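Single-structure report; data block below.
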Amino acid sequence: MSHSRPANAMLDDDAALRAHGYQPELARRMGGFGNFAISFSVICILAGGMTLFGYGLNTGGPAVMLWGWAGIGFMTLILGMCLAEVTSAYPTSGGLYYMAHRLGGPSWAWATGWLNLLGLLGAIAGIDYGCALFIGAFASLQWGLEPTPETIMLIFAGILLLHGTLNTFGVRLVNVLNSISVWWQLGGVVLIVGMLTLAPGERQSPEFVFTHFNNGTGFDSPVYVAALGCLLAAYTFCGYDASSHLSEETKQAQVAAPKGIIRAIAWSWAAGFVLLAGLLFAIEDYAGTLGTSTGVPPAQIFIDVLGTGVAKGLLLVVIVAQLFCGNAETAASSRMVYAFSRDGALPFSATWRRVSSRTRTPIAAVWLSVGVALVLALPSLYSPTAYAAVTAINVIGITPAYVIPVFLRRRFPERFTPGPWTLGAWSKPLGWISVVYVIVLTAVFILPQASPVTFESFNYAGVTLLVVLLLAWIMWITKGRRSYKIPPLGNSAEHAAVSEGVV
């Protein structure tokens, strides 16, 4: 289906970057495994799959959770392969918006960049707030602390502070943490599923796990509820563009970044299915799991099957994985902020594009990322459905941004010069399948998620999307069309080096 350069062919990363008009500024200290690790860490099945587990139980139940995971994972892999092909041709920190500019022009890039930025910042909010919920559940078990919205928000702010601080130390530390994260996540899945499976007691039947449908949304249509239930998988399978955003810090990025995207999706797809199945088989009390006083349904499953002591240990395993995930997402988001500012697209761009001379890291962009994430999650103080809306913001912001470069690559094939990694003849059919998939997915996740629709249950993800697009349009016509500018392409010698791909 695909092909890339031979293993012994060495690509000149700096020449490739200069060919796209940029001078290397960031430290290129990440290898192929590290590039895969950051996307795998951001996807983080122990974050998305666990934090929205209760949402899945309520919105479709086991059947939708497992079959939705299988279907969404398959479609994400197709989309990821198409995006990987474009990434190979454009290995820059700007990622999606830079691809859109080269293929479609500045207005396409402007819209793509703002959608991508919304999705990335929403991801930080969703990941770290979900981690705060799990820490609240642990604190409830350990010290009897009531996980109120105010308490969770304070924990959330502390996590953001931690991730902002860790990301100021440079990509080397981020790379080490992401490498640990891969093995921690895979080991965590094996540990959790293994302990739940081997523990004494009765288990749910395969019929229950693969066919049981539950509807607690208030809507009557099972098809509508099943579509909404796919949010669990769609939210989890976000963030694999991190491999693209870290490409200027990756060696052999034209091949390593595409492979990082695809491998992260594939491994997450397989491990996530095992995790969800293991948890569903272990449920002892469906209503009790949904209504758990801990606020985290997987914690209740751990307690019911393994006891409080072991449950606290497993919660710590999940919490550490989620901390790794949020840290990786902060790194990816900050590189997007840095690149977008480098091209003059953000207010006060001169501030956000600054790179530390000591660590060669965009520190100001790091703190802007965590600051905006804090603001996005503030509605959770008064709305019980706000967290699901934040996750929907992530999905409807970032998923369309993923497919825009794929659409433009198909819409204007004459403008695209393939990189070392390409899909060949499969590019066209898979590309158009990806476009249709994203249109349907985006439409579903701006719809109401609970009935009756009230101020508390309103899904403000669609409103947020419209507001961001409106603000982006206003900024474009007032300032952006003058301030936003990507550099001209490099000289012919640099292009020759890139096209040959060999030093």
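A few remarks follow.
- Looking across segment 423-449 at every residue that is of a type in the set (S, T, N, Q), within 23 Å of the chain's Cα centre (by Cα) and within 30 Å of residue 85 (Cβ to Cβ), the one that is surrounded by the fewest Cβ atoms within 10 Å (Cβ to Cβ) is identified as 442.
- Identity of the residue in segment 89-115, among the hydrophobic types (A, V, I, L, M, F, W, C) and within 13 Å of residue 244 (Cα to Cα), that ends up surrounded by the most Cβ atoms within 10 Å (Cβ to Cβ): 96
- Some residue of segment 228-249 being free of Cβ contacts under 8 Å to residues at least 12 places away in the same chain, closer than 22 Å to residue 315 by Cα and aromatic (Phe, Trp, Tyr): no
- The listed residues are 424, 462, and the only one of them that is at pLDDT 90 or above and not acidic (Asp, Glu) turns out to be 424.
- Those residues of segment 354-369 which are small (Gly, Ala, Ser) and without any contact (Cβ under 8 Å) to a residue 12 or more places away in the chain, in sequence order: 357
- Of all residues in segment 116-148, those satisfying the criterion of being surrounded by fewer than 21 Cβ atoms within 10 Å (Cβ to Cβ) and not in a helix (DSSP H, G or I) are 144, 145, 146, 148.
- Taken over segment 280-311, the residue count meeting the criterion of being farther than 24 Å from residue 149 by Cβ and free of Cβ contacts under 8 Å to residues at least 24 places away in the same chain is 4.
- Hits in segment 450-486 - residues which are surrounded by 13 or more Cβ atoms within 10 Å (Cβ to Cβ), of a type in the set (S, T, N, Q) and in a helix (DSSP H, G or I): 464, 483
- Those helices (runs of 4 or more DSSP H) of segment 206-262 in which at least 1 residues are in contact with a helix residue (DSSP H, G or I) (Cβ under 8 Å, 6 or more places away or on another chain) and closer than 30 Å to residue 13 by Cα, considering only elements entirely within it, cover 242-245.
- Taken over segment 429-449, the criterion of being touching a residue at least 60 places away in the same chain (Cβ under 8 Å) and assigned to a helix (DSSP H, G or I) is satisfied by 430, 431, 433, 434, 437, 438, 441, 444.
- Extreme residue, surrounded by the fewest Cβ atoms within 10 Å (Cβ to Cβ), among residues of segment 24-54 that are closer than 12 Å to residue 242 by Cα and not aliphatic (A, V, I, L, M): 34
- Considering only residues in segment 163-185 that are within 20 Å of the chain's Cα centre (by Cα) and surrounded by fewer than 16 Cβ atoms within 10 Å (Cβ to Cβ), the one that is farthest from residue 279 (Cα to Cα) turns out to be 176.
- Out of 161, 173, 228, 232, sole residue that is modelled with pLDDT of 95 or more and not hydroxyl-bearing (Ser, Thr, Tyr): 161
- Hey, residue 151 β-branched (Val, Ile, Thr) and either outside any helix (DSSP H, G or I) or under 29 Å from residue 380 (Cα atoms) (or both) or not: yes
- Helices (runs of 4 or more DSSP H) fully within segment 268-374 that include at least 2 residues being over 30 Å from residue 210 (Cβ atoms) and within 22 Å of the chain's Cα centre (by Cα): 308-342.
- Tally of residues being surrounded by fewer than 22 Cβ atoms within 10 Å (Cβ to Cβ) and at pLDDT below 95 across segment 364-373: 1
The values are calculated or read from the model by the stated rules, or taken from the named source; none is laboratory data. Please read these numbers as outputs of a predicted model, since none were measured by experiment. Cβ sites come from the backbone with ideal geometry, for glycine too, and all protein chains shown count toward neighbours.
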